[in-house]
């Protein structure tokens, strides 16, 4: 029995990136042998074992064969005669198909090290096309490694296009799509994930609401980039520089969904798109397992981003209603996320990427003033509706004073 370190840890060590987890493959072993050594078996589809001391995952070397459509349609062979090269050959990308033996020597049968030096994401073998989930994984790796100047090999992009054309992507389940998407939203360049999916045609399959935004015009006066889809990905890129919060990034991505359904008769204007955006967002979140926090923040951003952009025109009463709608008194962090997403929207425009967004500071002052109101003395003199009215009047006065500063 031989043990090899495989996958991301080998790749990241060559890239001199931090290693967050290590995976191992066992060649020439058996479940019975590993169990005798104290390993604990997990995994239902194929044997994976946890090391008795480190808790790290050790998988038996395996090959797989496509027996049905989709990404569940595989049979596995984990017999002791499966070689390391065969195991590595089933992996998605060459940079993920490398291993190190117990002496630290690199095992690289598919040229992963050369592709790291060339900054290429290239599929390991034609077996890539048997699993549509790999389309999403490649897009996610493109988002992760874009800052290191990686690009997708032309032949790999062509293969992804062929898979979409063959309707392999139609088999992707919503929960798996969201799982990969949420990971992509956490990467340094999440916009590249969606750009890649659009390039190979998969965006129209898994996120038709976002794909529909491309080609929809906006007024050049306010949006020099004109195309709503381009603006959307610009917003996401700016949001990624402002916050690591995936809920905030998701909100920036979905804030303008309603523009795809703007009547042609009023284009390039988009009157009423905020309400339409909330409706489409609700449909998206009903189809996919979007976390509640993501959905709530995205809905608030979609509904109120236009109002927040006009912060210098708003009266104290309107500002208080805005704070209440976002539950800002109790949840100031959500109100702050709302303002940050709106800043990403304002700066996600050609030539305005580095512009200031004074609305954020103005409304932040208003929220602080409203939250600083001491309501305890009122509780001794009023109750019920009278108490609520008195608190509201104090908050209005505090907001009014804050907006004058």
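Tabulated results
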item	result
Those residues of segment 216-240 which are assigned to a helix (DSSP H, G or I) and farther than 19 Å from residue 298 by Cβ, in sequence order	230
Residues of segment 214-234 classified as touching a helix residue (DSSP H, G or I) at 6+ places or on another chain (Cβ under 6 Å) and more than 15 Å from residue 345 (Cα to Cα), total	2
Any hit, segment 99-115, residues being assigned to a helix (DSSP H, G or I), out of contact with any helix residue (DSSP H, G or I) (no Cβ under 6 Å at 6 or more places or on another chain) and more than 23 Å from residue 206 (Cα to Cα)	yes
Subset of segment 23-49 [assigned to a loop (DSSP other than H, G, I, E, B) and either surrounded by 14 or more Cβ atoms within 10 Å (Cβ to Cβ) or at pLDDT below 90 (or both)]	28, 29, 30, 39, 43, 44, 45, 46, 47
Given (1) touching a residue at least 60 places away in the same chain (Cβ under 8 Å); (2) more than 30 Å from residue 355 (Cα to Cα); (3) surrounded by 22 or more Cβ atoms within 10 Å (Cβ to Cβ), index of the condition residue 238 fails	(2)
Qualifying position, being closer than 30 Å to residue 279 by Cα and surrounded by fewer than 12 Cβ atoms within 10 Å (Cβ to Cβ), among 347, 293, 330, 385	330
From 314, 394, 363, residue being farther than 30 Å from residue 246 by Cβ, touching a helix residue (DSSP H, G or I) at 6+ places or on another chain (Cβ under 9 Å) and either crowded, with 17+ Cβ neighbours inside 10 Å or at pLDDT below 95 (or both)	394
Options 227, 211: the member that is farther than 22 Å from residue 147 by Cβ and either buried (at least 18 other Cβ atoms within 10 Å of the Cβ) or in contact with a strand residue (DSSP E or B) (Cβ under 6 Å, 6 or more places away or on another chain) (or both)	211
Residue match in segment 264-286 (condition: in a helix (DSSP H, G or I), out of contact with any strand residue (DSSP E or B) (no Cβ under 8 Å at 6 or more places or on another chain), over 28 Å from residue 226 (Cα atoms) and in contact (Cβ under 8 Å) with a residue 12 or more places away in the chain)	no
Filter result (in a loop (DSSP other than H, G, I, E, B), surrounded by fewer than 19 Cβ atoms within 10 Å (Cβ to Cβ) and in contact with a helix residue (DSSP H, G or I) (Cβ under 8 Å, 6 or more places away or on another chain)) within segment 167-188	186, 188
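The values are calculated or read from the model by the stated rules, or taken from the named source; none is laboratory data. What you see is a predicted model; the values in this text were computed from it and never measured. Using ideal geometry, Cβ is built from the backbone for each residue, glycine included, and neighbour counts are taken over all protein chains shown.
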